[in-house]
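Bear in mind that the values in this text are calculations on the coordinates, not laboratory data. Keep in mind it's a predicted model, so treat the numbers as computed, not measured. No Cβ is skipped: glycine too gets one built from the backbone with ideal geometry, and neighbour counts run over all protein chains shown.
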Amino acid sequence: MQAASPKAVIGDVQQFGAQVQAQIGRVIVGKAEVVELLLVGLLCEGHVLLEDVPGTGKTTLARALASSLACEFRRIQFTPDLLPTDVTGLSYFNQKLADFVFRAGPIFAQIVLADEINRATPRTQSALLEAMQERTVTIDGETRDLPRPFLVVATQNPVELEGTFPLPEAQLDRFLLKLDMGYPSAAEEDAILLRHGNAEPLADVQRVVQAADIRTLANAVSRVTVGDLVRQYLVAIVRATRASDELELGASPRGSLALYRTCQAYAALNGRDFVLPDDVKRLVVPTLGHRLVLQPEARLRGRSPAKIVQSIVDRVPVPVE
């Protein structure tokens with residue numbers, strides 16, 4: 001049987017994106033860019049942090065994504081009294097069997113919604129570290145593999161501080177992308193009222209993609225070409241974050257690899273088997289912004305990681321082929 005051409009496979013990725021976006025569009029009004037970047041995270045098998053004020057659709061977006069995929073979905077509501085074993089599971093003694101039996105926690109799913117992740121204690125947050133990085137869970141000395149694909153979609157509220165525990169840098173670095181939902185426009189808000197006023201749109205979402213297909217498409221994305229000049233442009237941007245006077249901590253090599261992979265997925269979703277410099281510009285803020293630590297002086301001046309990264313992008317020369 002003749003292998004499919006690279007362009008044919010990229011066409012499958014683009015079709016996958018269009019199908020899932022159409023299903024999510026039945027629930028989420030607007031936010032096409034956020035949905036596209038969420039699909040980038042899925043194709044890279046990376047994790048996504050959704051941060052915005054309450055009521056902007058963070059949880060609904062995660063549920064709509066899960067509803068459009070034939071993947072096992074679990075939701076974990078993070079609270080201060082949540083224990084690590086509530087996430088990973090535990091071994092208990094079964095008197096009938098006279099032996100210890102493992103009871104899997106909700107982390108053993110393909111799509112996991114970590115709702116209000118910053119409400120859990122650092123101890124419970126750390127239970128996610130191994131799962132997010134290595135896609136395994138070790139309990140009582142035994143390591144168990146998580147199902148694939150495996151995607152954590154976490155939400156947090158940036159405004160409410162009481163009763164929250166900010167995510168440490170090591171935890172933030174495990175997220176491939178950090179996305180902001182933002183408020184809808186007037187027309188979009190009017191459409192939300194019409195769509196959600198008397199019905200539950202999630203019930204209309206259909207499963208259009210199988211889990212095995214996602215793994216196949218993810219492998220195809222990894223073969224998208226990143227030319228020498230584009231790759232060097234990407235590296236120059238990352239290294240410039242480490243030399244910035246406004247940043248105490250720049251992007252790590254893990255950040256470089258994350259930006260490389262997200263650009264590949266973004267190009268494939270747009271029907272290309274090669275990455276453009278514009279792809280790097282589009283992905284640099286959501287991929288690197290949450291990995292940076294500002295200098296106190298920059299924070300006092302009202303600077304944000306997004307603004308600093310954008311200023312770096314404006315200074316780094318764009319390659320011309």
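Below, the figures for the structure above:
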{"quantity": "DSSP bridge orientation in the range 1-154 - percent antiparallel, rounded to nearest 5", "calculated": "50"}
{"quantity": "Whole-number percent relative contact order across the chain, with pairs defined as alpha carbons under 8 Å at least 6 apart", "calculated": "23"}
{"quantity": "Estimated FRET transfer efficiency (GLU72, LEU97; beta-carbon r; R0 30 Å; 0.05)", "calculated": "0.70"}
{"quantity": "From phi via Karplus (6.51, -1.76, 1.60), per-residue ³J(HN,Hα) for the range 96-108 in Hz, x at Gly/Pro", "calculated": "5, 8, 6, 7, 7, 10, 8, 10, 5, x, x, 5, 7"}
{"quantity": "Cα-centre dipole for the range 224-315 with unit charges at Cβ (Lys and Arg positive, Asp and Glu negative), debye to 20", "calculated": "160"}
{"quantity": "Amide hydrogen neighbours beyond the local backbone of GLY89, cut-off 5 Å, H modeled", "calculated": "GLY105"}
{"quantity": "Options ALA240, VAL224, GLY250, ranked by Cα towards positive dipole end of the range 196-250, top entry (Cβ charges)", "calculated": "VAL224"}
{"quantity": "Cβ-placed point charges (K, R +1; D, E -1), dipole of the range 248-288 about Cα centre in debye, nearest 20", "calculated": "60"}
{"quantity": "Stokes-Einstein D (µm²/s) once Rh is taken as the Kirkwood radius of the chain over alpha-carbon pairs, at 25 °C in 0.890 mPa s", "calculated": "117"}
{"quantity": "Rounded to 5, percent antiparallel among DSSP beta bridges of the chain", "calculated": "40"}
{"quantity": "Highest average packing first - 298-310, 267-279, Cβ atoms within 10 Å", "calculated": "267-279, 298-310"}
{"quantity": "FRET efficiency, 1/(1 + (r/R0)^6) with R0 22 Å, evaluated for THR79 and ALA199 via beta carbons", "calculated": "0.15"}
{"quantity": "The chain: Lys pairs at Cα distance under 26 angstrom, eight or more positions apart or on different chains", "calculated": "11"}
{"quantity": "Relative contact order, percent, the range 224-315 [alpha-carbon distance under 8 Å, six or more residues apart]", "calculated": "34"}
{"quantity": "Computed Kirkwood radius, in angstrom, where 1/r is averaged over Cα pairs of the range 224-315", "calculated": "13.3"}
{"quantity": "For the range 1-136, fraction of C-alpha pairs farther apart than 19 Å, in %", "calculated": "60"}
{"quantity": "The range 184-228 versus the range 163-177: alpha-carbon centroid distance in Å", "calculated": "25"}
{"quantity": "Separation in nanometres of the label points that stand 7 Å from Cα toward Cβ, at GLU188 and GLN206", "calculated": "2.6"}
{"quantity": "Interchain or long-range residues, amide H under 5 Å from GLU248's placed H", "calculated": "VAL293, LEU294, GLN295"}
